[in-house]
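Let me begin by presenting the structure, written as C-alpha cells, before commenting on it.
The values are calculated or read from the model by the stated rules, or taken from the named source; none is laboratory data. None of these values were measured; they are calculated from a predicted model. A quick note on method: Cβ atoms are made from the backbone with ideal geometry, for glycine too, and the neighbour counts reach across all protein chains shown. Note: areas computed on protein heavy atoms with side chains; ligands, DNA, RNA excluded. Shrake-Rupley method; radii C 1.70, N 1.55, O 1.52, S 1.80 Å.
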Amino acid sequence: MAAPAVPQPRSSKTESYVDNKRKEDIRQANIVAARAIADAVRTSLGPKGMDKMISTASGEVIITNDGATILNKMEVLQPAAKMLVELSKSQDSAAGDGTTTVVVIAGSLLKQCLSLLSHGIHPTVISDSLHKTAIKAVDVLTAMAVPVELSDRESLIKSASTSLNSKVVSQYSTLLAPLAVDSVLSVVDPSKPDLVDLRDIKIVKKLGGTVDDTVLVKGLVFDKKVSHAAGGPTRIENAKIAVIQFQISPPKTDIEQSIIVSDYTQMDRILKEERNYILGMIKKIKATGCNVLLIQKSILRDAVTDLSLHYLAKAKILVIKDVERDDIEFITKTLNCLPISNIEHFRSEKLGYADIVEEASMGDGKIVKITGIKDMGRTATVLVRGSNQLVIDEAERSLHDALCVVRCLVNKRFLIAGGGAPEIELSRQLGAWAKVLHGMEGYCVRSFAEALEVIPYTLAENAGLNPITIVTELRNRHAQGEINTGINVRKGQITNILEENVVQPLLVSTSAITLATECVRMIMKIDDIVTVR
C-alpha cells in the first residue's frame, strides 16, 4: 500500500488534495472490459452476421448466433463485464430477441462515456443525462410504432421471420415463422389476452430428417417408445388415458430390510400374493375402461415389473413408462385430465380422452403421438427435426426467439421498422433535442445520440457494405422525413424497410434501450472495486 499523499499545510482548513487517479483507472478498466465483451458479439448482429462456435471445457460444441447464449457460455471474470452478460440475460427474459443488439448498444454508449469522462465531465452528470435520454428515446420509438391486431396473422409472421432471418436456420423462416405464430396463438387464453406462458409450448427435439420436417402437433408427442415387454398394443383408437403417479409393482418394505423365507411353500405364497396384488390393481384400472397408461418415473422402486407389464399387455392396455415428473403438469393440462396418485382413486372422470394413440418410427428411434384430444387444454407441441444435434439445438434456440417475438406482440401490440431505421431516427431526434438543452446535459445527450448509430453501422459492416456511406445516406433520408428508411441487406442498399416486411415488436427496441442505459449507468457509478477475501 503506497503511503497517502501528504497535503502541504494550508491556511484554509477546507482545501486539501485528494488523489482521484485510482477512481479514473477503475472506471477506465471497467469500461474497457465491458467494451471487449460487446465487440466480441458485435460481428453476429443482423441477418448477415457471423456465427460463433463455442467449445466448452467438457468438449461440447455449440454453434449459435444468439447473443444471450454466446455470453452465457463465455467464462467472464471481470465484474463489470459480467454485468453485460446479465444484461443480455435480462433482455432474453424481457423480450426474447435483441440480445446482441442490447450488448452492442451498451458497448457503444460506454465508448461515448469514456470520451465524456476524459473531457472532465462528472460521472453523475453523465448518468443523469443518460437516464433522461432513455426516457425520451422510448417516447420517440412509441411515436414511430404502428399498432397491430392479433387477428392480423400476416404482420405477426413478418415479425417472426425477421427474427429468424439473423439465425442459422434463416432459409427455413418461411416454415418456422408461421409455425411459431400458430403455436403462440393456440395457447393464448381469451380470458387473459395479454399473457402468454411459453412453458405451454413444448419443443421436442428428434434427430433425423431436416429442419423442413419440423411440424406443429395438435396434441402430445413423447420422445419414448411404448414398452413392448409382453407384446402389448402399439396403437389404440378411442383412447382413454390415465396419468398415474403410483407404481404397479409388488410393495417393498420402507427401509432396507431383508425378509428371510425358510420354507418353500411360503415362497410360493409370496409369489402368489404378488401376482394377486398386481392383478387386483390391473382389474381396477381395466374397470374404468382405461386403455392407455402414462406412468411417472419412480425413484423408490420400479414403476412396473415384467409381471405387471405382462398382465397389462393381456388386458390390452398400452403403457408408456418413465414419464418425467416435470412433464406431468404439461401432460395433464393438454389431456384435460387429473394425475392419479393412488389406485383407490382411480375413477373414470379422471381420465383424458383422445381419438388415437400410436407409435411412429421417426429417424433412428420411435415416438408416441397422441392426437384428436377431447377438450384439449391450451398447449402446443413442436417437433423439431434436424440432420445433426448442433442444427437441432440452434433451431430450437431460433424458434424460441421467434416465439418470444410473437409473445412480445401479444403483450404490447405495436410494430416498428427494423433494419437500423429506429436507431437512426432516434439518433436524429435526440440530436435535435440536445440543441434545446442547456449546459453539460446537451453535450452528453448529443454524444449518446451518436452512440446509437452503432447499430446501422454494424449492420452495414456485417453485410459487407461501406458503413460510412450507408449511415450518411440514412441520416440524409431521415432528415428528409422518411422515418421508415433502413438498410436492406439483401439488396445492399437503402429502402423503405416497412415495405420489405422487416419489422420487429416495439417491446424489443424499447427494452433494449432502457436495459442498455441502465447497465451503463451502473458501470458509470462504480468508482472502486473492493475484493473481499
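Just a few scattered comments:
- Residue that is surrounded by the most Cβ atoms within 10 Å (Cβ to Cβ) [pool: residues in segment 83-104 that are in a helix (DSSP H, G or I) and out of contact with any Gly (no Cβ under 9 Å at 6 or more places or on another chain)]: L87
Conditions tested, residue by residue: (1) outside the structural domain of I340 (by the TED database); (2) in a loop (DSSP other than H, G, I, E, B); (3) touching a helix residue (DSSP H, G or I) at 6+ places or on another chain (Cβ under 6 Å); (4) over 11 Å from I317 (Cβ atoms).
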{"position": "A239", "(1), (2), (3), (4)": "no, no, no, no"}
{"position": "K252", "(1), (2), (3), (4)": "no, yes, no, yes"}
{"position": "Q266", "(1), (2), (3), (4)": "no, no, no, yes"}
{"position": "E274", "(1), (2), (3), (4)": "no, no, no, yes"}
{"position": "I278", "(1), (2), (3), (4)": "no, no, yes, yes"}
{"position": "K286", "(1), (2), (3), (4)": "no, no, no, no"}
{"position": "L293", "(1), (2), (3), (4)": "no, no, no, no"}
{"position": "D302", "(1), (2), (3), (4)": "no, yes, no, yes"}
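- Residue list for segment 325-336, restricted to those being closer than 14 Å to R199 by Cβ, open to solvent by 70 Å² or more (accessible area, probe 1.4 Å) and not basic (K, R): D326, E329
- Condition check for A36: surrounded by fewer than 19 Cβ atoms within 10 Å (Cβ to Cβ) and without any contact (Cβ under 8 Å) to a residue 12 or more places away in the chain: no
- Criterion applied to I494, I470, I526 was being open to solvent by less than 70 Å² (accessible area, probe 1.4 Å) and touching a Leu at 6+ places or on another chain (Cβ under 8 Å), and the one residue passing it is I494.
- Checking L452 against (1) within 26 Å of the chain's Cα centre (by Cα); (2) over 30 Å from D25 (Cβ atoms), the condition it does not meet: (2)
- Index of the failed condition, G49 passing every other in (1) of a type in the set (G, A, S); (2) touching a residue at least 60 places away in the same chain (Cβ under 8 Å); (3) surrounded by fewer than 21 Cβ atoms within 10 Å (Cβ to Cβ); (4) within 19 Å of V454 (Cβ to Cβ): (3)
- Segment 168-182, residues that are in a loop (DSSP other than H, G, I, E, B) and surrounded by fewer than 22 Cβ atoms within 10 Å (Cβ to Cβ): V168
- When segment 190-216 is filtered for residues that are free of Cβ contacts under 8 Å to residues at least 40 places away in the same chain and either touching an Asp or Glu at 6+ places or on another chain (Cβ under 6 Å) or within 19 Å of P178 (Cα to Cα) (or both), only D197 remains.
- Among residues of segment 210-246, those that are open to solvent by 40 Å² or more (accessible area, probe 1.4 Å) and of a type outside the set (K, R), counted: 14
- Flag set for L185, criterion: within 18 Å of the chain's Cα centre (by Cα) and either open to solvent by 10 Å² or more (accessible area, probe 1.4 Å) or on the phi < 0 side of the Ramachandran plot (or both).
- Subset of segment 52-75 [open to solvent by less than 70 Å² (accessible area, probe 1.4 Å) and not in a helix (DSSP H, G or I)]: K52, I54, T56, G59, V61, I62, I63, T64, N65, D66, M74
Here's the yes/no breakdown for (1) free of Cβ contacts under 8 Å to residues at least 12 places away in the same chain; (2) of a type in the set (V, I, T); (3) open to solvent by 10 Å² or more (accessible area, probe 1.4 Å):
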| site | (1), (2), (3) |
| --- | --- |
| A81 | no, no, no |
| A106 | no, no, no |
| L109 | no, no, no |
| L114 | no, no, yes |
| I126 | no, yes, no |
| S163 | no, no, no |
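- Entry remark, segment 359-411: residues being open to solvent by less than 10 Å² (accessible area, probe 1.4 Å) and of a type in the set (G, A, S) number 5 in total.
- Listed by first and then second residue, the pairs with beta-carbon distance under 7 Å, at least 6 apart or on different chains, first residue in segment 247-274 and more than 27 Å from L293 (Cα to Cα), second at pLDDT below 85, are M267/V261.
- Subset of segment 426-465 (residues that are open to solvent by 70 Å² or more (accessible area, probe 1.4 Å), in contact (Cβ under 8 Å) with a residue 40 or more places away in the chain and closer than 19 Å to S509 by Cβ): R428, E450
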